[in-house]
Amino acid sequence: MKKILLILSVAGLLPGLCAGYDQSTELDWANQATAEYAGALKSELMAAMKSGGVLQAIEVCNIKALVIDEEVSLANNVNLSRVSARNRNPANAPNEWQSVVLESFEARKLAGEEPGKLTWHEVVETESGLEFRFMKAIPTAGLCLQCHGTDIAPPVAEKLADLYPDDRATGFSEGDLRGAFVVIRLLEPD
């Protein structure tokens with residue numbers, strides 16, 4: 001079925017099957033949700049850094065990020081999450097199709113595409129119906145290196161080890177792809 005949807009999509013016939021759904025509207029919606037999520041998380045992290053430093057910012061990622069996920073998902077009628085092949089939280093491990101997209105992002109970055117502009121989307125038939133899927137790469141910024149880099153301060157490393165005993169999200173350099181935002185929305189008929 002995926003091959004059929006891909007063929008129909010390439011041929012421009014999928015919109016006919018998804019009556020009432022416009023690809024550009026879905027992309028706008030997904031971009032809005034990821035921008036809203038990224039902005040809210042960055043705001044919380046910056047406030048935590050200002051008031052309590054890196055250790056307080058870790059608490060934001062550990063607790064507040066999930067709350068922001070839920071709030072943005074509900075506000076935008078989507079399922080929004082983050083995934084990474086080198087995840088800190090086991091809940092952020094990618095599934096099979098997300099792993100394929102993450103690998104393609106790495107290949108596209110190596111081919112010269114700007115990491116902050118890497119996106120991907122598709123519509124697939126699932127047991128629940130047609131599903132719009134979107135991913136946007138998350139590049140590593142300089143500030144992120146305090147928790148995700150190669151030279152992590154001992155108190156920060158200790159806190160991360162306490163919260164995330166199976167942490168795989170270190171060793172990044174600025175500009176590396178740290179993961180991706182994922183937006184999933186079930187396309188319900190009008």
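The values are calculated or read from the model by the stated rules, or taken from the named source; none is laboratory data. Here the structure is a predicted model, which is why all the values come from computation and not from measurement. Note: ideal-geometry Cβ built from the backbone for every residue, glycine included; neighbour counts use all protein chains shown. The protein model used for the area step is the full one, side chains on, heavy atoms only, and it has no ligands, DNA or RNA in it. Shrake-Rupley method; radii C 1.70, N 1.55, O 1.52, S 1.80 Å.
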Non-local amide H neighbours of Arg178 (under 5 Å, H modeled in plane, Pro and chain starts lacking H): which ones?
Ile138, Thr140
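Using a Förster radius of 30 Å, what is the FRET efficiency between Val100 and Ala47 based on their Cβ-Cβ separation? Nearest 0.05, please.
Taking R0 as 30 Å, the efficiency between Val100 and Ala47 is 0.25.
How would His121, His148 line up by accessible area, probe 1.4 Å, largest first?
Ranking His121, His148 by accessible area, largest first, yields His121, His148.
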Cα lying deepest toward the dipole's positive end in the chain, options Leu130, Met46, Val156, charges on Cβ
Val156
Sites matching chymotrypsin sites (Phe, Trp or Tyr not before Pro) across region 82-171 that sit in DSSP coil, with at most 14 neighbouring C-beta atoms within 10 Å
none
Give the relative contact order (percent, whole number) for the chain; include only Cα pairs under 8 Å separated by 6+ residues.
26
Sites Val124 and Ala153 - FRET efficiency at Förster radius 45 Å, r taken between beta-carbons, to 0.05:
0.55
At 7 Å along the Cα-to-beta-carbon direction for both Glu188 and Thr25, put a label point, then send me their distance in nm to one decimal.
1.5
Could you calculate the FRET efficiency of Val67 with Ala111 from 1/(1 + (r/R0)^6), where r is the beta carbon distance between them and R0 is 45 Å, rounded to 0.05?
0.75
Treat each spin label as a single point 7 Å out from the Cα along the C-beta direction, and report the Leu163 to Leu55 distance in nm.
1.3
Probe 1.4 Å, all chains present, heavy atoms only: Asp176 accessible area in Å², nearest 10, is 40
In a Gaussian network model of the chain with springs linking alpha carbons closer than 10 Å, the residue among Leu41, Leu177, Leu110 that fluctuates most is Leu110
Among the listed pairs Lys64/Lys117; Lys50/Lys109; Lys50/Lys117; Lys64/Lys159; Lys109/Lys136, those beyond 23 Å (Cα-Cα):
Lys64/Lys117; Lys50/Lys109; Lys50/Lys117
Over region 46-104, what percent of the accessible surface lies on carbon and sulfur atoms, probe 1.4 Å?
58
Accessible area per residue of the chain at 1.4 Å probe, in Å²?
56
Please arrange Glu131, Glu113 by accessible surface area, largest first, computed with a 1.4 Å probe and ligands excluded.
Glu113, Glu131
Order the following by accessible area, largest value first: Met49, Met135. Probe radius 1.4 Å; ligands, DNA and RNA are ignored.
Met49, Met135
Cα convex hull of the chain - mean projected area over all directions, nm²:
11.5
